1. List the residue ranges in the chain for DSSP H helices whose C-alpha atoms run 18 angstrom or more along the long axis and whose Kyte-Doolittle average is -0.5 or above.
2. Charges only on Cβ, +1 for Lys and Arg, -1 for Asp and Glu: so what's the dipole of the chain about the Cα centre, in debye to the nearest 20?
3. Taking the dipole about the Cα centre of the chain, with the C-beta of Lys and Arg at +1 and of Asp and Glu at -1, give me whichever of 177, 59, 77 is farthest to the positive side.
4. Just order 158-168, 190-200 by mean Cβ neighbour count inside 10 Å, highest at the front, would you?
5. Normalised by the number of residues in the range 106-242, what is the relative contact order in percent for Cα pairs under 8 Å and 6+ residues apart?
6. Percent relative contact order of the chain, based on C-alpha pairs within less than 8 angstrom and at least six residues apart?
7. Near residue 8, within a Cβ-to-Cβ distance under 10 Å, what is the net charge of the other residues, with Lys and Arg +1 and Asp and Glu -1?
Amino acid sequence: MSEVIVEIDHVSMQFNLYKERVDSIKEYMIKMFKKQMNVEPFIALQDISFKVEKGDSLALLGMNGSGKSTLLKLIAGVLKPTTGSIKTVGTIAPMIELGAGFDIDLTARENIFLNGAVLGYSKADMVSHFDKIIDFSELHDFVDVPIKNFSSGMLARLGFSISTVTQPDILIIDEILSVGDYKFQEKCEIRIHEMIQGGTTILFVSHSMEQVKEICNKAVYIEKGHVLEYGDVHQICDRYMV
């Protein structure tokens, strides 16, 4: 029997959207105290349930605003669901937002250790993996350059190299590969397949159906915060593209 590594049980996520503009923290606090803030609830996800088995590579499909990134943040533990529960097994390496876990004023060298710490790696781990990270990212000439001078593609190279230098149990990738050049995307896909063969579970978001079909074996189709279908990646992609 396959091991369930991610279990999402009747999860809903509500955000409170403030319709009024406030220009300072003081004004915000005064309006909050006087209950003058006009709040409109927004349901990003509603009563979502499904399970992901160990070793699966799952694509999350849906239009912009469907709730994919919110769901990934919930699985990564960045957000907590309004209702329901999410259970995960093992270590998680999330690549959800470009530059997340980095300090733009620090160099690539310094950010490798900072981002490694955010992911739960020790300094000794990062020292032992440092050369592999730089080699894979191909940033040898920019190791001591502040990353505020990096392009989005260079940031993606660095983030992906750090997140995949070890074998996490769960790797979350949200549109990060789309900013890299074609050759680096191919290089990343090869590493992802190696990680899948090593037992890593992949949660993947991309608008490239070719990339989705190449990497994933299953998919979940999300629309307006609801799961429409879950199953074989080719069948779900066909329905999504109709």
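Computed from the coordinates by the stated procedures, all read-outs in this text should not be read as laboratory data. These numbers come from a predicted model, not from an experiment. When we count neighbours, we look across all protein chains shown, and the Cβ atoms used for this are built from the backbone with ideal geometry, even at glycine.
1. In the chain, the long hydrophobic H runs are 123-137.
2. I would put it at about 900 debye.
3. Working it through, the farthest residue towards the positive pole turns out to be 77.
4. The most tightly packed comes first, giving 158-168, 190-200.
5. 17 percent
6. 26 percent
7. Taking every other residue near residue 8 into account, the sum is 0.
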